[in-house]
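Worksheet for the structure shown next.
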Amino acid sequence: MVLLMLPFRRAKSKHDERRQVRVWIIGLGLVFPIVVLAALLAYGLSIGERLLPRAGDDVVHVGAQGRLSNWTITYENAPDQTTEGTLHIPAGRPVDVAITTADVIHSFWVPRLAGKLDAIPGRVNVLRIEADAPGDYAGLSAEFSGTGYDRLIFTVTAHDAAGWDNFLRGDLE
Amino acid sequence: MRALERHRKLTAIWASESGLKSWFSTVNHTDLGRMFLVTAFFFFIIGGLLAMLIRAQLATPQSAFAGPEIYNQIFTMHGTIMMFLFAIPTFEGLAIYLLPKILGTRDLAFPRLTAYGFWCYAFGGAMLLIAMVLGIAPDGGWFMYPPLSSSIYSPGINTDFWLIGITFVEISAIAAAVEITVSILKYRAPGMSLDKMPIFAWYALITALMILTGFPPLILGSVLLEVERAFGFPFFQVDLGGDSLLWQHLFWLFGHPEVYILFLPAAGVISTVLPVMCRTTILGYGWIVAAAVALAFLSFGLWVHHMFTTGIPHMGLAFLSAASTLVAVPTGVQIFAWIGTMWKGRPELRLPMLHLLGFFFTFVIGGLTGVMVAVVPFDWQAHDTAFITAHLHYVLFGGFVFPIFAGLYYWLPHVTGRRRFFRLGELAFALVFIGFHVTFLAMHWVGLLGQRRRIPTYAPEDGWTTINLISSVGSFVLAIGIGMILIDVVLHALTATRGRRNPWGAGTLEWAMTTPPPAYNFASLPQVSSREPLADDPDLAVRLAKGEGYLGKPRNGWRETLTVDIASGKPDMHVIYPANTRLPILMSAVTGVFFLSLLLKFYWTVPLAVAGVVFLAWKWVWILGRRDDLEALPVGLGVTLPNAAMTGRSPGWWGTVFLLTANATFFGSLLFGFAFLWTVAPGWPRRSGSLPRSLN
């Protein structure tokens, strides 16, 4: 912005055109953005790499199926448990959510736990989330799905170790 | 022959019919360019009113202003109208009006095609407007993702209006692109080699080539989706072997280049207007052209960044994230070339310059948020929130609307031949600038707080109430500002204060004529020897009016011009244009019958419409046929040229080549779709033994 305002105030430049091309186009136009962007890109990729789901012993697997009415959650550790609109997870352990859809495209998003990932017909996308502390986290469906889209929200409930065992046994408090 | 007598004779040959009739039969590029621009701004007003309705709805929580069914139509139509019925046609209109004048010739390559394109645009746009008035407008969001837009989840006719109406409008984009490409390559003033071409023409050429390669994937996608909806072919239905991701690929294969299709002509306006406002020449002409070409190529390689959240493999994400950040480099080259131009010259704060400063400020912020969303982890959070909506408005309003307003005020004296009398423009600019930034800065913020795009309403406890109200107030200030600009333009056209010729002291050829421009542009065509012919020779306009150039003697009632060799700019052919005709409007009406029959499922009229188009096309070429051979003709200044119809590489040949390019992209996209379904679709019918196991 400063660069924009200055030419209004100063007298006509005495430099020749070739030098100006060197300064403005090669210096500021080419070198400057390339350096900044390369650094930013490297940073972004390394962060992205850390967010990837990796195999581990204490990873909990759940399934989330998007519907125009609500999200349906299934649990690998408790095959007979199904919840609507609420995802129960243990706090402090990584959770892999297998995201699918029963109808149109949805997107699974719990802003405080992870980025969003789409639910696409015929595909399974896996999102790694992890809650540091027990509590309720708001979740949203983030791909426009027609009327009723604004009401397509859900809750993620993170339990402490005891609460999670209770949940798996089917005792919801 | 005196100048006035020459003017009368040329006007008799070139003029459109008088009165209302002229609208339907004109093939003159000045008329059609103005008609394009007026229609596009009409749609701009409608799209803007829809935006006001959106902001009215979101101003307060749990608003009962519009129900979700209506609200979904409103935002879908806002996006669709602004993209397809305002932005692209504005570029087409500006290029159609300006190119022959800035290139120093008398008309575009195919005058009747210009008219055909305009009428396709007008009829297609009217179809969408009628759908909106009847309350059956498309409602699936402007990018129409299946399966939401498939017949199961959108059974109404709404989606068909989008698919068929937009395809109809796209005909005009393809027609204009072919026209613009051939005109820039062949229809220039003698001596104007490629490196002496005004930089606006370079940008228009690159944009037109991008339209020819960027629009066919969208047209293909629309055709496939409509075939799926109407006849049940499962291109995007996963349980029957299709894949809904194919639509996203085809759509963004168009959609991302589209952003640059809008930005490049605006950059052409900036590169033309900015040096004149700074009383200098553009810095780094060659670098800017190279950067624009690089931008065009790169823009086709990063459509996937609209699909970062669809779960594509991480390697692919890394590659495309790199490409998305890389695209900032040629943009940076252009921005710094423009800032360098300002340092080189002595900028004056006139009205077009104000809008250019508005562009710099807004577009740089839009570019920075663009780099932010190119970083994948950030995009996983921001995707589909109001942050993205705000980002894209910074890019499109900053990168397109501000430069177009600069161009509007810059070329307005050329269109009307008048001087600004009321000083409404400066105040209007201030309102637009302030209103825009209040609206969309607030929207960035509320997006980061988690407000999703396209929600019809929200709850008071979400905590977005104040920010949304601020944003809505800002948007109404913005709307008042734009309303004042339009009033300013109308007042300008109505006040009778004649302006002087070339009011800005520009160096390009469009100012070497009387304003408003005569139907024939130049009484005789100039011989060009530099990038700014008018700066070298301020009396050029007078000399051309006296007939001291090529083709200064009207003969046989012919609309004559000449074409040049593509690279060197040496004159190589003599051209006779067709005269006024109603054929284009008739043919686009019959084309409209074709689309309308598909829309209303009156399939028995489809073959009739096709036969009608074939018959009219046959008549179209028949009119220009000659029964005798034309000898080589003298064109003035001692040069004799063969007539284009007598040579092998006529303009029609070139037009066919570029139309076939668009066709090749269309069928190339079809092959891409087939390969995509074959390799990637989860439910593709497996033929035993025909696929490698890794693909199953």
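The values are calculated or read from the model by the stated rules, or taken from the named source; none is laboratory data. Here the structure is a predicted model, which is why all the values come from computation and not from measurement. Cβ placement follows ideal geometry from the backbone for every residue including glycine, while neighbour counts extend to all protein chains displayed.
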Filter pass, B:ARG454 being among the charged types (D, E, K, R), within 24 Å of A:VAL110 (Cα to Cα) and either outside any helix (DSSP H, G or I) or in contact with a Lys or Arg (Cβ under 8 Å, 6 or more places away or on another chain) (or both): yes
Residue count, the range B:596-606 (criterion: exposed (fewer than 15 other Cβ atoms within 10 Å of the Cβ) and closer than 23 Å to B:LEU225 by Cβ): 4
What do you reckon, is A:ALA64 closer than 27 Å to B:ALA459 by Cβ, touching a residue at least 12 places away in the same chain (Cβ under 8 Å) and assigned to a loop (DSSP other than H, G, I, E, B)? no
So which residues in the range B:303-314 are within 20 Å of B:GLY399 (Cα to Cα) and either within 13 Å of chain A (Cβ to nearest Cβ) or of a type in the set (Ser, Thr, Tyr) (or both)? B:HIS305, B:HIS306
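Residue-wise test of (1) out of contact with any Pro (no Cβ under 8 Å at 6 or more places or on another chain); (2) within 8 Å of another protein chain (Cβ to nearest Cβ); (3) part of a helix (DSSP H, G or I).
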| position | (1), (2), (3) |
| --- | --- |
| B:GLN248 | yes, no, yes |
| B:PHE254 | no, no, yes |
| B:ILE261 | yes, no, yes |
| B:PRO275 | yes, no, yes |
| B:ILE288 | yes, no, yes |
| B:VAL293 | yes, no, yes |
| B:GLY316 | yes, no, yes |
| B:LEU320 | yes, no, yes |
| B:VAL333 | yes, yes, yes |
In the range B:491-544, what residues are of a type in the set (Val, Ile, Thr), under 22 Å from B:ARG8 (Cα atoms) and assigned to a loop (DSSP other than H, G, I, E, B)? B:THR514, B:THR515
So, in the range B:568-582, of the ones that are surrounded by fewer than 19 Cβ atoms within 10 Å (Cβ to Cβ) and hydrophobic (A, V, I, L, M, F, W, C), which residue ends up farthest from B:ARG649 (Cα to Cα)? B:ALA579
For the structure I just gave you, tell me whether B:LEU205 is part of a helix (DSSP H, G or I), touching a residue at least 40 places away in the same chain (Cβ under 8 Å) and hydrophobic (A, V, I, L, M, F, W, C). no
Looking only at the range B:37-79, which residues are more than 23 Å from B:VAL477 (Cβ to Cβ), within 14 Å of chain A (Cβ to nearest Cβ) and assigned to a helix (DSSP H, G or I)? B:PRO68, B:GLU69, B:ILE70, B:ASN72, B:GLN73, B:THR76
Based on this model, can you work out whether A:THR74 counts as in contact with a Gly (Cβ under 7 Å, 6 or more places away or on another chain), at pLDDT 80 or above and closer than 22 Å to A:GLU143 by Cβ? yes
Inspect all residues belonging to the range B:412-425 and state whether any of them is part of a helix (DSSP H, G or I), of a type outside the set (S, T, N, Q), touching a residue at least 24 places away in the same chain (Cβ under 8 Å) and within 19 Å of B:LEU262 (Cβ to Cβ). no
Which ones in the range B:463-511 are among the aromatic types (Phe, Trp, Tyr), more than 29 Å from B:PRO526 (Cα to Cα) and either under 29 Å from the mean Cα position of the chain (by Cα) or modelled with pLDDT of 95 or more (or both)? B:PHE476
B:TYR409: more than 10 Å from chain A (Cβ to nearest Cβ) and within 16 Å of B:LEU354 (Cβ to Cβ), yes or no? yes
When you scan the range A:41-50, do you find a residue that is buried (at least 17 other Cβ atoms within 10 Å of the Cβ) and part of a strand (DSSP E or B), even just one? no
Go through the range B:345-373 and count every residue that is facing chain A (nearest Cβ under 8 Å) and either over 30 Å from B:SER321 (Cβ atoms) or crowded, with 23+ Cβ neighbours inside 10 Å (or both). 5
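For A:THR147, indicate whether it is touching a helix residue (DSSP H, G or I) at 6+ places or on another chain (Cβ under 7 Å) and hydroxyl-bearing (Ser, Thr, Tyr).
So A:THR147 fits the description; yes.
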Number of the condition not met by B:GLN527 [criteria: (1) closer than 17 Å to B:LEU103 by Cβ; (2) modelled with pLDDT under 90]: (2)
